[in-house]
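Each reported figure results from applying straightforward, stated rules to the coordinates on display, with no laboratory input. All values derive from a computational prediction rather than experimental measurement. Backbone-built Cβ (ideal geometry, glycine too); neighbour counts: all protein chains shown.
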Amino acid sequence: MKSQVDKVSLAKNFYISWKHKNFSREEILAIQEKRFRKLLKYVLKNSEFYREYYGEHGINLENYKTVNIKELPTINKSILMKNYDKLVCKSDLKKAELEKFIGNISNRGKLYKDKYHVIHSSGSTGEAGYTYIPKETGL
């Protein structure tokens, strides 16, 4: 099954790249704009952190279509990790549980909750960072 997912993903990405290869600058910028709006709407709907953080800066579901990307407040790794549980859009992912899972060497190569690949930074800046990839993506 995994190889089929990999082949489908590869074919899809190849098709998208091929389809866009002759796009003008304006067409590419329009695609970027559309994807930015879609992502902004998604995090405002699904992430408590982004809803609150962006809301403090006047960005919400009522005006997300007119926000300039340059108006987004900066976010750094420290802010993200301090607010991890409110940041992620999956309610079954909690920072403390991820830390415990990653800290157990016998979990290397295993899926977290049989659903997620967990990736973490080494913490060389003083704090480790965590992210996840759902199993169904075919990683």
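Some observations on this one:
- Whole-Å distance, taken between Cα centres, linking region 87-139 and region 14-44: 29
- The residue among Asn13, His120, Pro73 whose Cα reaches farthest toward the positive pole of the charge dipole of the chain, with charges on the beta-carbon of Lys, Arg, Asp and Glu, is Asn13.
- Tail weight of P(r) past 18 Å, computed on alpha-carbon pairs of the chain, percent: 68
- Close amide-amide hydrogen proximity is noted between Tyr132 and Ile119, each under 5 Å apart and 5 or more residues distant or on a separate chain (H modeled in the peptide plane; Pro and chain starts excluded).
- Amide H contacts of Tyr116 (H built 1.01 Å from N, in plane; Pro and chain starts excluded): Lys135 sit under 5 Å, all sequence-distant by 5 or more or on other chains.
- Reachable lysines, given that their alpha-carbon falls under 29 Å from the alpha-carbon of Lys12 and they are not under 8 places away in the same chain: Lys2, Lys21, Lys34, Lys38, Lys41, Lys45, Lys65, Lys90, Lys110, Lys113, Lys115, Lys135
- Dipole magnitude for the chain: about 500 debye, using +1 per Lys or Arg Cβ and -1 per Asp or Glu Cβ, origin at the Cα centre.
- Counting charges near Leu61 (Lys, Arg +1; Asp, Glu -1) among other residues having Cβ under 9 Å from its Cβ returns a value of +2.
- In sequence order, region 22-31 has phi-based couplings of 10, 5, 6, 4, 5, 5, 5, 4, 5, 5 Hz under the Karplus curve 6.51 cos²θ - 1.76 cosθ + 1.60, θ = phi - 60°, and Gly or Pro positions carry x.
- At R0 = 41 Å, FRET efficiency that the Cβ-Cβ distance of Glu52 and Glu27 yields, to 0.05: 0.70
- Our coupling estimate for region 118-128, obtained by passing each phi through the Karplus curve with A = 6.51, B = -1.76, C = 1.60 and θ = phi - 60°, is 10, 10, 9, 7, 6, x, 5, 8, x, 8, 6 Hz, Gly and Pro reported as x.
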